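The values are calculated or read from the model by the stated rules, or taken from the named source; none is laboratory data. Since this is a predicted model, take the numbers as computed values, not measurements. Virtual Cβ from ideal backbone geometry, glycine too; neighbours counted across all protein chains shown. Quick note on the areas: whole protein, heavy atoms, side chains included, nothing else; ligands and nucleic acids left out. Shrake-Rupley method; radii C 1.70, N 1.55, O 1.52, S 1.80 Å.
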Amino acid sequence: MSMQTGLVSITFRQLGVDDVLGVMRRAGLVAVEWGGDVHVPAGDVAAAKRTAQASADHGVRIVAYGSYYRTGEHDPGDFDDVLRTAVALGAPRIRIWAGSAGSADATPEQRERVTTDLRRITELAGRDGVEIAVEHHPNTLTDTLDSALALYAAVDHPGLRPYWQPRLGLDPAEAMDEVTALLPGLVTAHVFTWTADGARLPLADGAALWEPVLGTLRERGDAERYALLEFVPDDDPEALVRDAVTLREWLAGS
């Protein structure tokens, strides 16, 4: 098994699908998570099929559909469009968010709604051979490791996967603790470097965090995993090309 390098398409919301694929070719990236807000809107099956064909033509593997479905918050029927679009896209998993309240603020009723809906959509997606992946994000029930693990245990479904990305200000030791705790289910990391106050930096500036994290994921060897670049400085394609070089060097162990 190996780690594949790729892109979260919302990194370049200003570009069309073909232009995103062109930048990926220049950067040597082979996997993509297509976003559901601009590039492949939920319910637009025709756009999903066009994007699937364009990705195949460029030799790019679609590894996720990045939806903005928030469990326990949306009308339950909204997920039908998300799932239909992901299937048309050929995405093996759908990225969702765990509600809209942070773990410190969510009421027991809110947590139960999120849990129940997450279990529901995971079962629905599984009928089409699609997994559900949960974004680790502020102001959701995955904003801390303990809350995320409790949520996954409560849902208790083999089709549920954690995603991972570093929170602002997370130190390297905490990052390693989180990633280790999420294995073996963790298959995808969104890779970027920010300052503690949210300013975007070249990926290389995050070596102290990312080199051990990616080394752990690479060496695990029990599944194919994906390191998807996101949030490059100034939304600049040249920054992506530079960061992709850094990412490949880290994955090669150099």
(request) Putting +1 on Lys and Arg Cβ atoms and -1 on Asp and Glu Cβ atoms, find which of Val87, Leu240, Thr11 reaches farthest to the positive end of the dipole of the chain. (result) Val87
(message) If I model a spin label at Gln110 and Ala46 as a point 7 Å from the Cα along the Cα→Cβ vector, what separation in nanometres do I get?
(response) 4.0 nm
(request) Roll a 1.4 Å probe over the protein chains and send me the accessible area per residue for region 147-187 in Å². (result) 40 Å²
(request) With the Cα gyration tensor of the chain in hand, give its eigenvalues times 5 under a square root as the equivalent ellipsoid semi-axes, listed largest first in whole angstrom. (result) 26, 23, 16
(message) Take Thr180 and Arg127, extend 7 Å from each Cα along the Cα→Cβ direction, and tell me the distance between the two endpoints in nm.
(response) 4.1 nm
(request) Multiply the residue separation of Asp37 and Arg61 by 0.36 nm, subtract the distance between their alpha-carbon atoms, and state the gained length in nm to one decimal. (result) 6.7 nm
(message) Shape verdict for region 53-200, please, from the Cα gyration tensor: rounded (a/c under 1.5), prolate (a/b greater than b/c) or oblate.
(response) oblate
(message) Output needed for region 121-220: three equivalent-ellipsoid semi-axes, defined as square roots of 5 times the C-alpha gyration tensor eigenvalues, in descending order, whole Å.
(response) 26, 14, 13
(message) If Rh is defined by the Kirkwood formula over all Cα pairs and Rg also comes from Cα, what ratio Rg/Rh do you get for region 99-166?
(response) 0.95
(message) Under a crude label model (7 Å from the Cα following the beta-carbon direction), how far is Ala204 from Asp236 in nanometres?
(response) 1.3 nm
(message) How compact is region 163-210 by the rule of thumb for globular proteins, expressed as Cα Rg over 2.2 N^0.38 Å?
(response) 1.12
(request) Would you please name the trypsin sites (Lys or Arg not before Pro) within region 1-107 that are DSSP coil residues with at most 16 other C-beta atoms within 10 Å of their C-beta? (result) Arg13
(request) Work out how far the C-alpha atoms of region 27-109 reach from end to end along every principal axis, then list the three figures in whole Å, largest first. (result) 47, 28, 19
(message) Give me the extension gain from Gln4 to Thr195: residue separation times 0.36 nm, minus the current Cα-Cα distance, reported in nm with one decimal.
(response) 66.2 nm
(request) Return one whole number: the accessible area per residue of region 1-114 in Å², for a 1.4 Å probe. (result) 41 Å²
(message) If I take R0 = 22 Å and measure r between the Cβ atoms of Arg248 and Arg13 in this structure, what FRET efficiency does the formula 1/(1 + (r/R0)^6) give, to the nearest 0.05?
(response) 0.35
(request) Whole Å is fine, so just give me how far the alpha carbon centre of region 203-254 lies from that of region 38-102. (result) 24 Å
(message) Relative contact order of the chain, please, whole-number percent, based on alpha carbon pairs below 8 angstrom and at least 6 residues apart.
(response) 21 percent
